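The values are calculated or read from the model by the stated rules, or taken from the named source; none is laboratory data. Keep in mind that this is a model prediction, so the values were computed, not measured. Here Cβ is always computed from backbone atoms with ideal geometry, including for glycine, and neighbour counts include all displayed protein chains.
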Amino acid sequence: MAERILVVEDESKIARFLELELKHEGYEVEIAFDGRTGLEKVQEGDIDLIILDLMLPMMSGIEVCRRVRKFSDVPIIMLTAKDDISDKVTGLDSGADDYVTKPFAIEELLARIRVALKRKNQSVKDANKDTLTAGKLVLSKLKHKVTYDDQEIPLSKKEYDLLLFLMENKGVVLSREKLIEKVWGYDFIGDTNVTDVYIRYLRSKIDERFGVKFIRTIRGVGYIFEDYEE
Ligand code: CA
(Lines give C-alpha, C1' and ligand atoms only; values in the text may rest on other atoms or scores of the structure.)
Protein backbone atom coordinates (compact mmCIF):
# COMPACT_ATOMS: atom_id res chain seq x y z
CA MET A 1 0.00 0.00 0.00
CA ALA A 2 1.26 3.46 -0.86
CA GLU A 3 2.53 5.60 1.97
CA ARG A 4 0.49 8.71 2.63
CA ILE A 5 2.28 12.05 2.95
CA LEU A 6 0.66 15.19 4.32
CA VAL A 7 1.95 18.47 2.91
CA VAL A 8 1.19 21.49 5.10
CA GLU A 9 2.13 24.53 3.04
CA ASP A 10 0.25 27.78 2.46
CA GLU A 11 1.99 28.69 -0.78
CA SER A 12 -0.25 26.88 -3.22
CA LYS A 13 2.40 26.86 -5.95
CA ILE A 14 4.81 24.93 -3.72
CA ALA A 15 2.03 22.70 -2.39
CA ARG A 16 0.89 21.74 -5.89
CA PHE A 17 4.44 21.19 -7.06
CA LEU A 18 5.08 18.86 -4.12
CA GLU A 19 1.82 17.04 -4.71
CA LEU A 20 2.77 16.38 -8.31
CA GLU A 21 6.30 15.23 -7.50
CA LEU A 22 5.26 13.02 -4.59
CA LYS A 23 2.45 11.38 -6.57
CA HIS A 24 4.93 10.76 -9.34
CA GLU A 25 7.08 8.90 -6.78
CA GLY A 26 4.10 6.71 -5.92
CA TYR A 27 3.04 8.34 -2.64
CA GLU A 28 -0.49 9.29 -1.75
CA VAL A 29 -0.71 12.99 -0.96
CA GLU A 30 -2.90 15.11 1.30
CA ILE A 31 -2.60 18.88 1.33
CA ALA A 32 -3.42 21.41 4.03
CA PHE A 33 -2.99 25.13 3.40
CA ASP A 34 -2.92 26.19 7.04
CA GLY A 35 -1.64 24.82 10.34
CA ARG A 36 -4.96 24.06 11.95
CA THR A 37 -6.24 22.03 8.99
CA GLY A 38 -2.90 20.24 8.93
CA LEU A 39 -3.24 19.24 12.56
CA GLU A 40 -6.80 18.04 11.97
CA LYS A 41 -5.68 15.84 9.11
CA VAL A 42 -3.04 14.23 11.32
CA GLN A 43 -5.64 13.64 14.03
CA GLU A 44 -7.84 11.89 11.49
CA GLY A 45 -4.98 9.39 11.23
CA ASP A 46 -3.41 7.34 8.49
CA ILE A 47 -0.57 9.78 7.73
CA ASP A 48 2.89 8.22 7.30
CA LEU A 49 4.94 11.41 7.05
CA ILE A 50 4.42 15.17 7.27
CA ILE A 51 6.14 17.86 5.26
CA LEU A 52 5.55 20.92 7.37
CA ASP A 53 6.20 24.53 6.42
CA LEU A 54 7.29 26.73 9.30
CA MET A 55 5.43 29.93 8.44
CA LEU A 56 1.75 29.08 8.21
CA PRO A 57 -1.54 30.90 8.76
CA MET A 58 -3.82 29.92 11.69
CA MET A 59 -1.14 27.94 13.50
CA SER A 60 2.65 27.98 13.02
CA GLY A 61 4.56 24.92 11.91
CA ILE A 62 6.29 24.82 15.30
CA GLU A 63 2.95 24.72 17.12
CA VAL A 64 1.60 22.03 14.77
CA CYS A 65 4.73 20.02 15.45
CA ARG A 66 4.42 20.33 19.24
CA ARG A 67 0.77 19.29 19.17
CA VAL A 68 1.34 16.36 16.84
CA ARG A 69 4.12 15.09 19.11
CA LYS A 70 1.65 14.82 21.99
CA PHE A 71 -0.09 11.92 20.29
CA SER A 72 2.05 10.73 17.38
CA ASP A 73 5.65 10.01 16.40
CA VAL A 74 4.93 10.27 12.69
CA PRO A 75 8.08 11.54 10.90
CA ILE A 76 8.04 15.31 10.35
CA ILE A 77 10.28 17.09 7.86
CA MET A 78 10.21 20.83 8.31
CA LEU A 79 10.61 23.40 5.57
CA THR A 80 12.59 26.32 6.95
CA ALA A 81 13.86 29.60 5.60
CA LYS A 82 17.37 29.54 4.25
CA ASP A 83 20.15 29.72 6.82
CA ASP A 84 17.92 30.62 9.74
CA ILE A 85 19.65 28.51 12.38
CA SER A 86 17.26 29.45 15.19
CA ASP A 87 14.30 28.20 13.13
CA LYS A 88 16.05 24.89 12.62
CA VAL A 89 16.87 24.48 16.29
CA THR A 90 13.33 25.42 17.37
CA GLY A 91 11.93 23.04 14.77
CA LEU A 92 14.04 20.12 15.92
CA ASP A 93 13.32 20.86 19.58
CA SER A 94 9.60 20.95 18.93
CA GLY A 95 9.86 17.40 17.61
CA ALA A 96 10.68 17.57 13.91
CA ASP A 97 12.90 14.75 12.64
CA ASP A 98 14.62 16.68 9.90
CA TYR A 99 14.50 19.92 7.99
CA VAL A 100 15.03 21.11 4.46
CA THR A 101 15.80 24.74 3.72
CA LYS A 102 13.90 26.69 1.09
CA PRO A 103 14.51 26.89 -1.77
CA PHE A 104 15.14 23.16 -1.90
CA ALA A 105 16.04 20.69 -4.62
CA ILE A 106 13.22 18.15 -4.96
CA GLU A 107 15.77 15.31 -5.12
CA GLU A 108 17.07 16.28 -1.69
CA LEU A 109 13.60 16.36 -0.19
CA LEU A 110 12.72 13.00 -1.76
CA ALA A 111 15.91 11.47 -0.37
CA ARG A 112 15.11 12.76 3.12
CA ILE A 113 11.57 11.41 2.86
CA ARG A 114 12.92 7.97 1.99
CA VAL A 115 15.33 8.08 4.94
CA ALA A 116 12.60 9.20 7.36
CA LEU A 117 10.15 6.51 6.21
CA LYS A 118 12.83 3.82 6.32
CA ARG A 119 13.83 4.91 9.79
CA LYS A 120 10.23 4.87 10.96
CA ASN A 121 9.78 1.29 9.77
CA GLN A 122 13.13 0.30 11.25
CA SER A 123 12.52 1.91 14.64
CA VAL A 124 9.41 -0.20 15.12
CA LYS A 125 11.60 -3.27 14.65
CA ASP A 126 14.40 -1.88 16.84
CA ALA A 127 12.22 -0.87 19.77
CA ASN A 128 12.53 -4.20 21.53
CA LYS A 129 15.94 -5.11 20.29
CA ASP A 130 18.82 -5.46 22.70
CA THR A 131 21.54 -4.70 20.19
CA LEU A 132 22.05 -1.53 18.17
CA THR A 133 24.51 -1.60 15.30
CA ALA A 134 26.12 0.81 12.87
CA GLY A 135 28.64 -0.91 10.63
CA LYS A 136 31.08 -2.68 12.94
CA LEU A 137 29.96 -0.67 15.94
CA VAL A 138 27.75 -2.71 18.27
CA LEU A 139 25.99 -1.54 21.41
CA SER A 140 24.44 -4.17 23.66
CA LYS A 141 21.89 -2.73 26.09
CA LEU A 142 21.69 -5.97 28.01
CA LYS A 143 25.44 -6.20 28.55
CA HIS A 144 25.85 -2.43 28.75
CA LYS A 145 28.79 -2.87 26.42
CA VAL A 146 30.05 -1.24 23.23
CA THR A 147 32.42 -2.82 20.74
CA TYR A 148 33.94 -1.94 17.41
CA ASP A 149 35.05 -4.85 15.27
CA ASP A 150 34.83 -6.98 18.47
CA GLN A 151 37.19 -4.66 20.39
CA GLU A 152 35.62 -3.35 23.56
CA ILE A 153 35.30 0.43 23.95
CA PRO A 154 35.34 1.52 27.60
CA LEU A 155 32.83 4.32 28.14
CA SER A 156 31.75 6.35 31.16
CA LYS A 157 28.05 6.26 32.03
CA LYS A 158 27.30 9.59 30.34
CA GLU A 159 29.29 8.66 27.24
CA TYR A 160 27.31 5.42 27.04
CA ASP A 161 23.98 7.21 27.53
CA LEU A 162 24.85 9.74 24.86
CA LEU A 163 25.97 7.08 22.38
CA LEU A 164 22.83 5.04 23.05
CA PHE A 165 20.61 8.05 22.35
CA LEU A 166 22.59 8.91 19.19
CA MET A 167 22.32 5.33 17.91
CA GLU A 168 18.63 5.12 18.72
CA ASN A 169 18.17 8.24 16.61
CA LYS A 170 20.43 7.28 13.73
CA GLY A 171 20.00 9.64 10.80
CA VAL A 172 18.20 12.29 12.81
CA VAL A 173 19.66 15.75 13.38
CA LEU A 174 19.81 16.35 17.13
CA SER A 175 20.21 19.80 18.64
CA ARG A 176 22.34 20.37 21.73
CA GLU A 177 19.19 21.28 23.66
CA LYS A 178 17.58 17.99 22.67
CA LEU A 179 20.64 16.02 23.77
CA ILE A 180 20.71 17.86 27.10
CA GLU A 181 17.03 17.15 27.66
CA LYS A 182 17.20 13.46 26.73
CA VAL A 183 20.63 12.48 28.04
CA TRP A 184 21.25 14.84 30.94
CA GLY A 185 17.62 15.39 31.90
CA TYR A 186 15.24 18.33 32.17
CA ASP A 187 16.67 19.45 35.48
CA PHE A 188 20.20 19.80 34.13
CA ILE A 189 21.65 23.16 35.10
CA GLY A 190 24.62 24.24 33.08
CA ASP A 191 25.92 24.98 29.65
CA THR A 192 24.72 23.10 26.55
CA ASN A 193 28.41 23.09 25.58
CA VAL A 194 28.72 20.01 27.79
CA THR A 195 27.32 18.10 24.80
CA ASP A 196 30.26 19.26 22.66
CA VAL A 197 32.66 18.03 25.32
CA TYR A 198 31.06 14.58 25.45
CA ILE A 199 30.81 14.34 21.67
CA ARG A 200 34.55 14.99 21.65
CA TYR A 201 35.10 12.14 24.13
CA LEU A 202 33.05 9.78 21.95
CA ARG A 203 34.89 10.83 18.82
CA SER A 204 38.27 10.21 20.37
CA LYS A 205 37.19 6.81 21.69
CA ILE A 206 35.42 5.67 18.52
CA ASP A 207 35.87 7.81 15.41
CA GLU A 208 39.51 8.73 15.92
CA ARG A 209 40.59 5.43 17.45
CA PHE A 210 39.18 3.35 14.60
CA GLY A 211 39.49 5.87 11.77
CA VAL A 212 35.75 6.04 11.18
CA LYS A 213 33.17 8.83 11.07
CA PHE A 214 29.86 8.14 12.77
CA ILE A 215 29.22 11.51 14.35
CA ARG A 216 28.85 14.53 12.09
CA THR A 217 28.55 18.12 13.26
CA ILE A 218 25.71 20.19 11.81
CA ARG A 219 27.09 23.69 12.20
CA GLY A 220 25.14 25.91 14.55
CA VAL A 221 22.51 23.20 15.07
CA GLY A 222 23.91 20.06 16.67
CA TYR A 223 24.91 16.56 15.67
CA ILE A 224 23.83 13.61 13.58
CA PHE A 225 24.85 9.96 14.00
CA GLU A 226 25.10 8.12 10.71
CA ASP A 227 26.03 4.71 9.41
CA TYR A 228 29.62 4.49 8.35
CA GLU A 229 30.68 1.98 5.74
CA GLU A 230 34.34 1.29 5.15
CA1 CA B 1 4.62 29.54 4.38
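Any residue at all in region 33-44 that is within 16 Å of the ligand (Cβ to nearest atom), closer than 22 Å to residue 114 by Cβ, of a type in the set (A, V, I, L, M) and buried (at least 18 other Cβ atoms within 10 Å of the Cβ)? Scanning region 33-44, I find no residue that is within 16 Å of the ligand (Cβ to nearest atom), closer than 22 Å to residue 114 by Cβ, of a type in the set (A, V, I, L, M) and buried (at least 18 other Cβ atoms within 10 Å of the Cβ), so the answer is no. In summary, no helices (runs of 4 or more DSSP H) completely within region 124-230 bear 3 or more residues that are basic (Lys, Arg). Being part of a strand (DSSP E or B), within 12 Å of residue 6 (Cα to Cα) and not assigned by TED's automatic domain parsing to the domain that holds residue 177 is a description that does not apply to residue 113. Across region 74-96, the number of residues qualifying as surrounded by fewer than 17 Cβ atoms within 10 Å (Cβ to Cβ) and either in a strand (DSSP E or B) or without any contact (Cβ under 8 Å) to a residue 40 or more places away in the chain (or both) comes to 5.
Contact map, region 18-35: first residue within 25 Å of residue 59 (Cα to Cα), second residue among the hydrophobic types (A, V, I, L, M, F, W, C) and at pLDDT below 95, Cβ cut-off under 6 Å, separation 6 or more or different chains; pairs are 28/2; 34/56; 34/58; 35/56; 35/58; 35/59.
Can you tell me which residue within region 64-73, out of those that are free of Cβ contacts under 8 Å to residues at least 40 places away in the same chain and part of a helix (DSSP H, G or I), is nearest to the ligand (Cβ to nearest atom)? Here the answer is 65. Residues that are in contact with a Lys or Arg (Cβ under 6 Å, 6 or more places away or on another chain), within 11 Å of residue 7 (Cβ to Cβ), assigned by TED's automatic domain parsing to the domain that holds residue 101 and not aromatic (Phe, Trp, Tyr) do not occur anywhere in region 57-70.
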